[in-house]
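Undergrad: Next up is a structure, given as structure tokens.
Every number in this text was worked out from the coordinates using simple rules, so none of it is lab data. Worth saying up front: this structure is predicted, and the values here are computed from it rather than measured. Ideal geometry is used to build each Cβ from the backbone, glycine not excepted, and the neighbour counts take in all protein chains shown.
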Amino acid sequence: MSATMRLAANFRGPVLHRTRRPTTGRRASSTSRGPAPVPPVISKAASETAAEAGVATASSSSAATSTSEAQTLLPAERYIASNRFRVQAGKGPAFEKRWAERKSRLATLDGFRFFTLLRRVDVTAAEGAPAPTASADEEFDYVSMTVWEDKTGYDAWRGGDAFKEAHGGGTLFGIAEMLVSSLRVLRGKPKPALYDGLLPVVMPPPEGTPWKAVGGWRDVSADGVNPLAADVFVASNRFRVLPGREAAFEARWSSRESTLTETAGFLTFLMLRRDALHVEDGYNYSTLTVWKDRASFAGWRAAAKSNAQSRGRGESSGGKGASGQSGSVEAEPMFDGPPSPVMYEGVLALLSDKGA
């Protein structure tokens with residue numbers, strides 16, 4: 001009996017045992033809250049399958065805050081679902097091939113805005129990247145990321161036929177084969193993460209964009225040996241914001257002046273606020289900036305560095321800095337440690353007509 005058949009034979013019960021999903025089972029984004037949510041009932045096997053498929057289980061998808069705190073936070077304007085993967089040495093192209101050959105109609109679903117499979121890359125200081133604060137072993141090699149208009153679209157996808165079709169077809173043998181394939185490629189279990197998307201800045205899709213969504217999924221040839229060509233370049237900076245300082249952090253970003261829309265190659269910006277009871281790595285906020293390519297990012301960084309140097313010269317002459325106050329110091333600590341940058345190439349990108 002093959003490994004796939006043995007695993008399927010031992011896989012008992014339905015894939016997911018769910019109760020009706022509550023609408024109040026995550027961090028409150030309005031000024032009122034309903035009764036305490038009842039989490040879905042998920043078996044251990046189903047939980048592992050859900051993680052492999054790219055969804056979060058009850059342990060990582062629900063959060064609650066007080067009404068007074070919720071009133072001070074920015075409203076969510078997007079909802080982002082991601083799954084983070086570590087792959088075995090040399091197995092990156094095989095992992096990408098599995099994604100390229102999956103059956104999906106993601107781009108046809110209501111509420112879909114953007115998808116890409118993020119492949120972590122090293123960017124040198126010469127290319128304008130800030131120095132990383134986390135070691136390569138601590139980082140994930142790949143992140144699948146889907147941007148939805150709101151959580152309603154994500155919930156409908158997770159509970160619908162499109163999800164089953166993309167993850168083993170919903171059959172025991174299909175799921176078992178998917179799990180066996182994962183064992184050959186992955187290093188440890190995937191780790192899902194969900195976010196509220198704040199302060200979106202979105203450029204219209206450029207004319208002739210090859211990854212503009214015209215169907216449910218990309219038709220990309222993958223041989224499992226060579227990495228897929230990058231569609232976009234994505235820069236992220238992660239923050240550990242101290243408890244009680246979330247509103248101040250969001251207010252600082254919402255009041256920032258930005259010239260991103262005037263920068264060549266800029267496509268999308270989002271501030272991500274983690275939607276979880278417990279954030280295992282401590283990064284409760286992240287910035288996400290999507291660029292046409294790596295050269296566009298490097299060009300923006302070079303310009304930003306030049307502008308910062310000019311402001312510094314102005315401050316040394318008695319002028320005001322970026323905060324508007326000469327020599328201003330943060331009155332109360334906001335962060336638990338420095339921000340942590342990470343860079344990616346995005347492959348298999350899909351984009352709605354509205355942009356991300």
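Undergrad: Find the eigenvalues of the gyration tensor of the Cα atoms of segment 209-282, then list the square roots of 5 times those eigenvalues as equivalent ellipsoid semi-axes, largest first, in whole angstrom.
TA: Numbers: eigenvalues 216, 79, 28 Å².
The answer is 33, 20, 12 Å, longest axis first.
Undergrad: Another question, if that's okay. Roughly how many nanometres apart are two label points built 7 Å out from the Cα toward the Cβ at Ser306 and Ser258?
TA: 2.2
Undergrad: Sticking with this one: Going through the cross-link list Lys103/Lys151; Lys305/Lys354; Lys164/Lys292; Lys151/Lys189; Lys103/Lys354, which pairs have a Cα-Cα distance over 27 Å in this structure? Mind showing how you got there, number by number?
TA: Details: Lys103/Lys151 23 Å; Lys305/Lys354 32 Å; Lys164/Lys292 32 Å; Lys151/Lys189 24 Å; Lys103/Lys354 23 Å.
Too far apart for the 27 Å limit: Lys305/Lys354; Lys164/Lys292.
Undergrad: Next up: Could you give the length gained by full extension between Gln88 and Thr152, i.e. 0.36 nm per residue of separation minus their alpha carbon distance, to one decimal place? Could the numbers behind the result be given before it?
TA: Numbers: separation 64, 0.36 × 64 = 23.04 nm, distance 3.47 nm.
Length difference between fully extended and current span is 19.6 nm.
Undergrad: Setting aside same-chain residues fewer than 8 positions from Lys97, which aspartates and glutamates have a Cα under 12 Å from its Cα?
TA: Partners found: Asp219, Asp223.
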